[in-house]
Amino acid sequence: MNPKLTIKVLLWLIAAVSLFHLTILIKIIPYEITWGGKLKNDAEMYLFESISILINLFLTYVLLIKGEYVSKLIPTKVVNIILWIFLFIFGLNTLGNIFAETLFEKSLSLLTLVFTFLLWNVLKKNKKNKVNKTLTI
């Protein structure tokens, strides 16, 4: 899969995940089935869900830069470091979801595994492009 297509798929997935977080925030989906069942009240839910939405927006922005859909306000090297950090986080999150208590959260391990694979694909393609550019110079 080429990097541009991979980034587009990631952006659509992030939009879906953000919509999910929004439905929790406006109480369509109960927050008790998320966050490992550890949220104790609405205030915690509002905080955690708001942070999740902000992180997803940040990842969206970084992917838009990587895909060259917006101008670079962050250097390419920093963009790649941020994407490696997200890759690591999604990898850990996949493991955490596998061992989650609820079936719903266990099923999310598939989604986080897809995110991990797609981010790896974007970063791996980036390395191949660098090698190919150096070989042609």
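The values are calculated or read from the model by the stated rules, or taken from the named source; none is laboratory data. What you see is a predicted model, and the numbers here were worked out from it, not measured in a lab. Cβ coordinates were reconstructed from backbone atoms using ideal geometry, including for glycine residues, and neighbour counts include every protein chain displayed.
Do the conditions hold for Phe88, that is, is it at pLDDT 95 or above and surrounded by fewer than 17 Cβ atoms within 10 Å (Cβ to Cβ)? So Phe88 fits the description; yes. How many of the residues making up region 92-111 are crowded, with 16+ Cβ neighbours inside 10 Å and touching a residue at least 24 places away in the same chain (Cβ under 8 Å)? Number satisfying all stated conditions: 3.
Each residue in region 63-78 was checked for being crowded, with 18+ Cβ neighbours inside 10 Å and either at pLDDT below 95 or farther than 19 Å from Ala15 by Cβ (or both), and 0 of them qualify. Looking across Val122, Val79, Val114, one residue alone is in contact with a Lys or Arg (Cβ under 6 Å, 6 or more places away or on another chain) and either within 17 Å of Ile7 (Cα to Cα) or in contact (Cβ under 8 Å) with a residue 40 or more places away in the chain (or both). It is Val79. Counting only residues that are closer than 20 Å to Gly96 by Cβ, part of a loop (DSSP other than H, G, I, E, B) and in contact (Cβ under 8 Å) with a residue 24 or more places away in the chain, region 1-51 holds 1 of them. Here the condition is being over 19 Å from the mean Cα position of the chain (by Cα), modelled with pLDDT of 90 or more and of a type in the set (Lys, Arg); of Lys133, Lys40, Lys128, it holds for Lys40 alone. Could you please let me know if Gly67 is within 29 Å of Asn2 (Cα to Cα), without any contact (Cβ under 8 Å) to a residue 60 or more places away in the chain, touching a helix residue (DSSP H, G or I) at 6+ places or on another chain (Cβ under 6 Å) and of a type outside the set (A, V, I, L, M)? Answer is no for this residue.
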